[in-house]
Amino acid sequence: MAQVIHDVIHVERDGAITVLTIDHPPANAINGDVVAGLSEALAAAEADAECRALVLTGAGPKFFSAGADITAFSGGPEALEAALDLTLKIEGSRLPVVAAVNGIAFGGGCELSMACDIRVAATTARFGQPEIKLGIIPGWGGTQRLPRLIGQARAIELLLTGDPINADRALQIGLVSELTDPFDLPAAARRWAQTLASRAPLALAATKRAVHGGAPLPIADALKVEQREFVGLFSTEDAAEGLTAFMQKRQPVWKGQ
C-alpha cells in the first residue's frame, strides 16, 4: 500500500522491499520535510520485521536530487544536523539500501546516494559536488565518503573543481555498481534489493557495522571489529541454519534470529 509522508516522500511496499521516492518538485531538493520524511520512513521500515531491503529514488526522469535547498539549511550547524544524522542512519541501518539514481545527483543528493550501500544509475544520471563553486564545501559527508568510495585522487578532483561527471564516468571510477536504461532502472534497483533481501539479515547488518566501524581505524583495530562481529554471529539461529543448509545442499531459510 502506498503512503505519503510529509507530502514529499512516497513509500511503497513490494514484498520484502520498501521503495522510498523523493517527490519534491521541481528538482527534488532536500529540505527539512524531505529529511524528516526519509527519517520517519526509514524508522518504520526498520521496525517492520518483514522488510528486508530499501530502494531510495527520486520522482520524475530528471532529478534524483539536485541537492540541498540552500534556503532551508542556511541557519548554521544546527540546521544541518538532522540531514547529516539521516546519512548516518542510512549507513547504520540493519537494512541494505539501494540508491536508484534516476537523474541528477548533485551536492546533498550525491551525498545522500553515497550513504546508501549500492548505487544503480540510469545512463542519464549525473553526479557532482558543486559546493566549492558557491564558496562552501559539502556538509553531509562528501569530503569523507567520496574518498572512501572512489579513492582520494579522484575525489579531490571532483571536490576541488566542483565539476559534474556523467553516468559512464561514475561507473568507471566505482561510484556506481550498474548502469541501466532509464526505463529499466526501477526493475534493476528492485533486482539488487531482492538479492540483498535474500541474504542472512543478521550477517548483512553485521557486515555493514564491520565495514563502517572499521573504516576509520588502524588495520589491527579494524580486524578486532570484524572478529567481534564474526564471533557474535555464531550463536545465532541463522548461522546454524546457514551451515546446516550448506551441508544439506539446500537454500537456507533465514529468521533474523
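The values are calculated or read from the model by the stated rules, or taken from the named source; none is laboratory data. All values reported here derive from a predicted model rather than from experimental measurement. Because the Cβ atoms are built from the backbone with ideal geometry, glycine has one as well, and the counts that use them run over all protein chains shown. Just the protein is used for accessible areas: all its heavy atoms, side chains included, with ligands, DNA and RNA removed. Shrake-Rupley method; radii C 1.70, N 1.55, O 1.52, S 1.80 Å.
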Quick check, is I165 farther than 14 Å from A105 by Cβ and either surrounded by 20 or more Cβ atoms within 10 Å (Cβ to Cβ) or without any contact (Cβ under 8 Å) to a residue 60 or more places away in the chain (or both)?
no
Conditions (1) modelled with pLDDT under 95; (2) in contact with a strand residue (DSSP E or B) (Cβ under 9 Å, 6 or more places away or on another chain); number of the one not met by F230:
(2)
Inside region 39-77, can you point out the residues that are at pLDDT 95 or above, among the polar types (S, T, N, Q) and either out of contact with any Ser or Thr (no Cβ under 6 Å at 6 or more places or on another chain) or more than 15 Å from G109 (Cβ to Cβ) (or both)?
S39, S65
Go through (1) buried (at least 20 other Cβ atoms within 10 Å of the Cβ); (2) under 17 Å from the mean Cα position of the chain (by Cα) for E131 and report which single condition fails.
(2)
Only residues in region 105-124 that are farther than 15 Å from Q144 by Cα and among the hydroxyl-bearing types (S, T, Y) count as the first member; pair them with residues that are assigned to a helix (DSSP H, G or I) and open to solvent by 10 Å² or more (accessible area, probe 1.4 Å), Cβ under 6 angstrom, at least 6 apart or cross-chain, and list the lot.
T124/P182
Considering (1) within 15 Å of the chain's Cα centre (by Cα); (2) crowded, with 19+ Cβ neighbours inside 10 Å; (3) closer than 20 Å to V19 by Cβ, say which one S177 fails and leave the rest.
(2)
Name the single residue, out of those in region 20-35 being free of Cβ contacts under 8 Å to residues at least 40 places away in the same chain and of a type in the set (A, V, I, L, M), that is surrounded by the most Cβ atoms within 10 Å (Cβ to Cβ).
V34
